[in-house]
Structures are given as C-alpha cells and as structure tokens.
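Asker: First the structure, then my questions, so here it is.
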Amino acid sequence: MRPFTLERPHDIATAVAFGAADDDQTDYIAGGTDMMQLLTDDIRRPGRLVSLGDGVLDDRIEAAPDGALRLGAAARMSDVADHPAVREGFPLIAEALLSSASAQVRNMATVGGNLLQRTRCAYFRDPGVHGCNKRAPGTGCAARDGVNRMLAVLGGSEHCIATHASDFAVPLVALDAVVRLSGPGGERTIPVEELHRLPGDSPHVETVLVPGELITAIEVPASRAARTSHYLKVRDRESFEFALVSAAVALDTDGGRIREARVAMGGVGPKPWRMRGVERALAGAACDPAVLRAAAARAADGTAPRPGNAFKPELMRRTVLRALRVVGGQP
Ligand SMILES: Cc1cc2nc3c(=O)[nH]c(=O)nc-3n(C[C@H](O)[C@H](O)[C@H](O)COP(=O)(O)OP(=O)(O)OC[C@H]3O[C@@H](n4cnc5c(N)ncnc54)[C@H](O)[C@@H]3O)c2cc1C
Ligand code: SF4
C-alpha cells in the first residue's frame, strides 16, 4: 500500500469539495471492504483518501406510509437485510443482500459502497497483469481470450467484458430504484439502471458520476410486485462467492393472471441487466408453466458469450425459469 493522506470531513459539502478538487488523486472510502483490498493490492493509488464515516452520510432505513423505501447510503448491508420493512415488502432485496459476501463483510459494508464496488475480473485485480483497459487504459483486455468464465455475455465490448459484481443492485434495477446524488453542481436523482456505464472504448469510466459526486441515498418505489419476489443466485460454491448468474424476479398477480412482472439479472453484464423481453412475455398472461417457460426462454436474447462462458445463456434461461417458478408457486 502506498502512503496517502486521510481526510475525515463531517459534512457532505466538505467531502464533495475534497473529491472534486483532484479527482484522479482522491478516492472516497465508506465501509472500506472493497477499497482496502484495492489499496493493499496496489490497484488504486490515491494520494488522498476521504472518509465517508464520521456522520457524513446517514444510515437511516425508512419506509414511507405507501411502502416506498429510503436507504441512507451509509446503511450497512446487514441492517438493511434485517429490517422488517425490507424483509416483508422487498424480500428480493433482503435475499440479494444475504447472498452477498459474508456476515462480517455485510456488517461493515455500506449500501452506497456496494453499488460502486469494482469488478472482480481477476486480471483487473492483479497488478502483475499488463493487459487491462479498465485498470490501465490502452493496454488491452487479457480476459477476452483468457479466463472469462465469470465475465459478461451482454453489454461488453472488444475493450472490456467485465461484469458488475453487486447482487444488491440487481433487484434495485428490477424495481426502478433511484440513487440520490450530491456533487459540485448540487443534488440530482438518477435511476440505478443509469448509474453504471457500458464499457465501449473507455472501460475505465464506470459510472455517470462526475468528479466528487457522492451517493447519499437509495430510494425504492412502493411496489405490489416486490412483495411476491425472489432473488436467485447461482455460483460455484454456496457461500462467500460472486454470481455466475443471478435473477431478481417480482410478480404481481391477480386471479392467476400476471398484472406486472419485474425481472433483472446479475453476473451477465457490466451493469445489472433488466430483462424487458421476459417481462413483456409475462405481462397480462396466465401464470402457468407454459407461459413461464416461454418467457424464461427470452432471458438470453442478444447474448454474445466467449468460449469460457458459453454455458451462461442456457444458465440464464434456467435461472430465470426457476426464480419465476418459485415466485409463481409452480412446481
Ligand atoms: C471477500 C468479499 C466477498 C464479497 N462478496 C460479494 C458478493 O457476493 N456480492 C456482492 O454484491 N458484493 C460482495 N462483496 C463486495 C462488498 O459487498 C463490497 O465490498 C461492499 O458492499 C462495499 O461497501 P463499502 O462500504 O465497504 O465500500 P468501500 O470499500 O468503502 O468503497 C467501495 C467503492 O465505493 C466508493 N464509495 C463508497 N461509498 C460511496 C458513496 N456513498 N458515494 C460515492 N462513492 C462511494 C469508494 O470510493 C470505492 O470506490 C464482497 C467483498 C469481499 C471483500
Ligand atoms: S474484462 Fe475489463 S477488467 Fe477484465 S481484463 Fe478486460 S479490460 Fe480488464
């Protein structure tokens, strides 16, 4: 780890000013569960680290009377997963959080930091590897013809096929959640679905955040579908492992007919991937085995796998079908 200066501001404006002043040399740290790894592995080398502890960001978990949810960015993953309003109103969010990392990590990690964790592509995480456009722009992409079992089949480019590793972000995208941001230009709100960029020819630019901009809160709209929902994560081992493929599914049904379907997938692209083709195939249809199977068959539309992850399209279809069956009460 290289030497750095640690700043400990007590309010958002001061933190933003630090972040905006010298973006390339300044990093924020919240729970530190990802940032500490990036520092110790010499992936990030900031001259200045700005702590978001010390009450800069709030950690409140609040449910509005209509059921909408607001999470302060500093809320811990474990506290959110354990909150009754989340467990009852948004089971897919609780399940996604509980399937992430370990209890110890979840006790430290914040929900804001979770959305901005860096990719788990092994080449990105190894400073000894030369070819990684995300870590060192213009050096190439070792993963395209290397080990890419975990990597993207949707949304990648010839310059990068990394996946975004967050489980929590997947149900947020399915439910049209938004992030509240505070930056040098003031406050704004954007959909979680628009937070992360596709790699294109500049994979090192991962989000639409401007220098210094902070996530201050996450808001999830009230949703009938969310009450009947499931997050299914398929991984190489049952705990403490990132997703090969995951599916967040929520259904609002009325007398055996599907009024509304929400489906998003993780582990398949550089950002959580909303499955609108699957949703369209379900909306208004009967909740029966044939409909669920036909809808799930759309899950892999448009995929472009590499040899090492050619199994993913079929795994995507099966994962969505299994999640739909759980939510739809089908055998
Ligand atoms: C062993 C291990 C296993 C894991 N397994 C999983 C898993 O299965 N699923 C999963 O989803 N995650 C997993 N994770 C990732 C973990 O969930 C993240 O490390 C954690 O959520 C990050 O939160 P943090 O508060 O510790 O962020 P930090 O490490 O402090 O920061 C992460 C990044 O976010 C930035 N940042 C933090 N907060 C803000 C903010 N409010 N505004 C702007 N920028 C901010 C930081 O600058 C940094 O770039 C795992 C992590 C570890 C170490
Ligand atoms: S997939 Fe992206 S993160 Fe991985 S080696 Fe290629 S450029 Fe780097």
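Asker: Go through the stretch 114-129 residue by residue and tally those that are more than 10 Å from ligand 2 (Cβ to nearest atom) and surrounded by fewer than 24 Cβ atoms within 10 Å (Cβ to Cβ).
Answerer: 5
Asker: Being of a type in the set (Ser, Thr, Tyr) and either near ligand 1 (Cβ under 8 Å from one of its atoms) or closer than 18 Å to Asp41 by Cα (or both) is the filter here; which residues of the stretch 106-150 pass it?
Answerer: Scanning the stretch 106-150 gives Thr110, Thr119, Tyr123.
Asker: Something else now. Can you tell me which residue is farthest from ligand 2 (Cβ to nearest atom) among those in the stretch 177-197 that are assigned to a loop (DSSP other than H, G, I, E, B) and surrounded by 16 or more Cβ atoms within 10 Å (Cβ to Cβ)?
Answerer: Applying the filter and picking the extreme gives Ala177.
Asker: Now a separate question. Quick check, is Met316 in a helix (DSSP H, G or I) and within 20 Å of the chain's Cα centre (by Cα)?
Answerer: Spelling it out, Met316 is indeed in a helix (DSSP H, G or I) and within 20 Å of the chain's Cα centre (by Cα).
Asker: Suppose we filter the stretch 1-41 for residues that are of a type in the set (Asp, Glu) and at pLDDT 95 or above; how many remain?
Answerer: 5
Asker: Here's a follow-up. Residues to consider are Val111, Val105; find the one that is aliphatic (A, V, I, L, M), surrounded by fewer than 24 Cβ atoms within 10 Å (Cβ to Cβ) and touching a residue at least 60 places away in the same chain (Cβ under 8 Å).
Answerer: When all the criteria are applied, what remains is Val105.
Asker: Could you run through the stretch 226-241 and say how many residues are surrounded by fewer than 21 Cβ atoms within 10 Å (Cβ to Cβ) and outside any strand (DSSP E or B)?
Answerer: 9
Asker: Taking the options Ala96, Ala20, Ala13, Ala103, name whichever one is closer than 30 Å to Leu244 by Cβ, more than 8 Å from ligand 1 (Cβ to nearest atom) and of a type in the set (Gly, Ala, Ser).
Answerer: That would be Ala103, the only listed residue that is closer than 30 Å to Leu244 by Cβ, more than 8 Å from ligand 1 (Cβ to nearest atom) and of a type in the set (Gly, Ala, Ser).
Asker: Do you know which of the residues in the stretch 138-149 that are within 23 Å of the chain's Cα centre (by Cα) and within 17 Å of Leu198 (Cα to Cα) is surrounded by the most Cβ atoms within 10 Å (Cβ to Cβ)?
Answerer: Among those that are within 23 Å of the chain's Cα centre (by Cα) and within 17 Å of Leu198 (Cα to Cα), it is Ala143.
Asker: Another one. Quick check on Ser246: is it assigned to a loop (DSSP other than H, G, I, E, B) and closer than 30 Å to Asp27 by Cβ?
Answerer: Considered against the rule, which asks whether it is assigned to a loop (DSSP other than H, G, I, E, B) and closer than 30 Å to Asp27 by Cβ, Ser246 comes out as no.
Asker: Going by the structure shown, is Glu241 more than 16 Å from ligand 2 (Cβ to nearest atom), touching a residue at least 40 places away in the same chain (Cβ under 8 Å) and under 16 Å from the mean Cα position of the chain (by Cα)?
Answerer: no
Residue by residue, here is whether (1) farther than 22 Å from Pro137 by Cβ; (2) within 19 Å of the chain's Cα centre (by Cα) holds:
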{"site": "Leu6", "(1), (2)": "yes, no"}
{"site": "Val16", "(1), (2)": "yes, no"}
{"site": "Asp27", "(1), (2)": "no, no"}
{"site": "Gln37", "(1), (2)": "no, yes"}
{"site": "Asp42", "(1), (2)": "no, no"}
{"site": "Arg48", "(1), (2)": "no, no"}
{"site": "Leu52", "(1), (2)": "yes, no"}
{"site": "Gly55", "(1), (2)": "yes, no"}
{"site": "Ala75", "(1), (2)": "yes, yes"}
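Asker: Further question on the same structure: Taking helices (runs of 4 or more DSSP H) that do not extend beyond the stretch 1-111, which have at least 2 residues that are within 16 Å of ligand 2 (Cβ to nearest atom)?
Answerer: The helices (runs of 4 or more DSSP H) meeting that bar are 35-40.
The values are calculated or read from the model by the stated rules, or taken from the named source; none is laboratory data. Computed from a predicted model, the values in this text were never measured in an experiment. Cβ atoms come from the backbone with ideal geometry, glycine included; neighbour counts cover every protein chain shown.
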